[in-house]
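The values are calculated or read from the model by the stated rules, or taken from the named source; none is laboratory data. Since the structure is predicted, the reported quantities are computational estimates derived from the model, not experimental observations. Cβ atoms come from the backbone with ideal geometry, glycine included; neighbour counts cover every protein chain shown. Heavy atoms of the whole protein, side chains included, go into the accessibility calculation; ligands, DNA and RNA do not. Shrake-Rupley method; radii C 1.70, N 1.55, O 1.52, S 1.80 Å.
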Amino acid sequence: MEAATLQNEKPQWDLESSQTSEAKSASITAFPDCLLDGSNASISEVKLGVPSGMDQGSRVKAIDLNQSHASTASSSGGRRDWAETIVACRDVKLKGEDRFTTKREVINGQRVVFCMVADGHNSSDAAEYCKKHILSFIVEACLGHASAHAIQDACVIAFHKVHEHIRTKSAWPTSGLTLAVVAVNEDERFVVCANVGDVESLIVLGKDRKKRSRYSVLTTNHRFDKNKDEVKRVEAVTETRVRPALNFAGKPQGPPRGWPGGLLFGRALGDADCEDAISPDPSLSVMRLDALSGNATIVIGSDGLWNAVEMTRVACHVHQAQKTRQDATRTAQMLVDKACNGDDAYHNSEWGKAKDDTTCAVMIVGPDYYLST
């Protein structure tokens, strides 16, 4: 892929505003002083072309650790081999519509680990089909190549393939799902993420040479109330109208939804009753981790996690888990517990009870071999 532009930008502390526009810069964000001992970290962003077959309204974002950090690995006598990525998942079921799966493959001699979290709606059938097939579809569509570009293109192809099967070949065409897929190439040391809807992912990096802790959001939230660009995209290319639902008195009530269908987001798989209001085109991101000297932790969660615990707080909890060398299983369980014990105004506030299906997958990547599940 050719880089179109190269620019440096300051990190954004306002988490909500940073999610409102897909055109906003991807960034590696240092933890605020009020939360941890970090300070601002500069980053370089490369805006890349759109993979073939994908809506031009989608953006691909690529993130590199600042080149000044690269000397950390070289000064220690060269690159350290990465350990096998550890993946763990914990969930709490309410409706039973979330799904998780993982897959390890060797593609063209390179070790690649895939992880998927899906959040179904209008039955769990679509999410179950996706769990069984989408990672195999992605590997097949890679055509024997494990580059970032090949994996991105494969994700787009696989998302469309699942979308079309649900709509035209299944017995449950109106079932749907949102999802995020994360692929880690352990040999080339990069992360690819593809998502539709409000299943989200972030990566928490170890400290740099200045002992600053950093994290980056890998996904784009396509909910209409958090992404104004998604509202503009949907209304510009379809006859969809975005507005709140109407109550019995005919007055608007609740968050904005896309009509027909009444979904909260403009991107998902399936949902034939929503017609063209739903796009299967994923948002894509790439992050190179050549300069990573310790471990990084990737969190993928359904909206049951993010509605209850905001991203900055999730990143802080993960950082504390890193400091105590907590394994992936306990980290995932800790985050699910935080979500279930949180108090979210949009759900019931009964302590210790699930407010929605809550699924959290944790991937720990990097050179350290102490990890175990």
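General observations
- Within the range 108-139, being among the small types (Gly, Ala, Ser) and within 16 Å of the chain's Cα centre (by Cα) holds for ALA118, GLY120.
- Taking the numbered list (1) open to solvent by 10 Å² or more (accessible area, probe 1.4 Å); (2) in contact with a Gly (Cβ under 6 Å, 6 or more places away or on another chain) in turn, CYS274 passes all entries but (1).
- Residue check for GLY176: farther than 27 Å from ALA150 by Cβ and surrounded by 18 or more Cβ atoms within 10 Å (Cβ to Cβ): yes
- From the options ASP303, ASP290, ASP327, residue that is in the same structural domain as LEU205 (by the TED database), among the acidic types (Asp, Glu) and touching a Gly at 6+ places or on another chain (Cβ under 9 Å): ASP303
- Residue list for the range 84-117, restricted to those being within 21 Å of ASN295 (Cβ to Cβ) and in a loop (DSSP other than H, G, I, E, B): GLU84, THR85
- Selection from the range 241-273 of residues that are in contact with a Leu (Cβ under 9 Å, 6 or more places away or on another chain) and under 30 Å from VAL156 (Cβ atoms): PRO255, PRO256, ARG257, GLY258, ALA268, LEU269, GLY270, ASP271
- Residue in the range 262-285 that is of a type in the set (A, V, I, L, M, F, W, C), within 30 Å of ASP368 (Cβ to Cβ) and in contact with a strand residue (DSSP E or B) (Cβ under 6 Å, 6 or more places away or on another chain) present: yes
- Residues that are open to solvent by less than 10 Å² (accessible area, probe 1.4 Å) and not aliphatic (A, V, I, L, M), drawn from the range 106-128: PHE114, CYS115, GLY120
Each row is one residue, and each column tells you yes or no for (1) open to solvent by 30 Å² or more (accessible area, probe 1.4 Å); (2) under 16 Å from PRO280 (Cα atoms).
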residue	(1), (2)
ASP91	yes, no
GLU97	no, no
CYS130	no, yes
GLU140	yes, no
LYS161	yes, yes
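- Test: residue in the range 204-222 that is touching a Cys at 6+ places or on another chain (Cβ under 7 Å), within 30 Å of VAL365 (Cα to Cα) and touching a residue at least 40 places away in the same chain (Cβ under 8 Å): yes
- Cβ separations smaller than 6 Å between residues 6+ apart or across chains give no pair from the range 87-107 residues that are more than 19 Å from VAL181 (Cβ to Cβ) to residues that are open to solvent by less than 50 Å² (accessible area, probe 1.4 Å) and of a type in the set (Lys, Arg).
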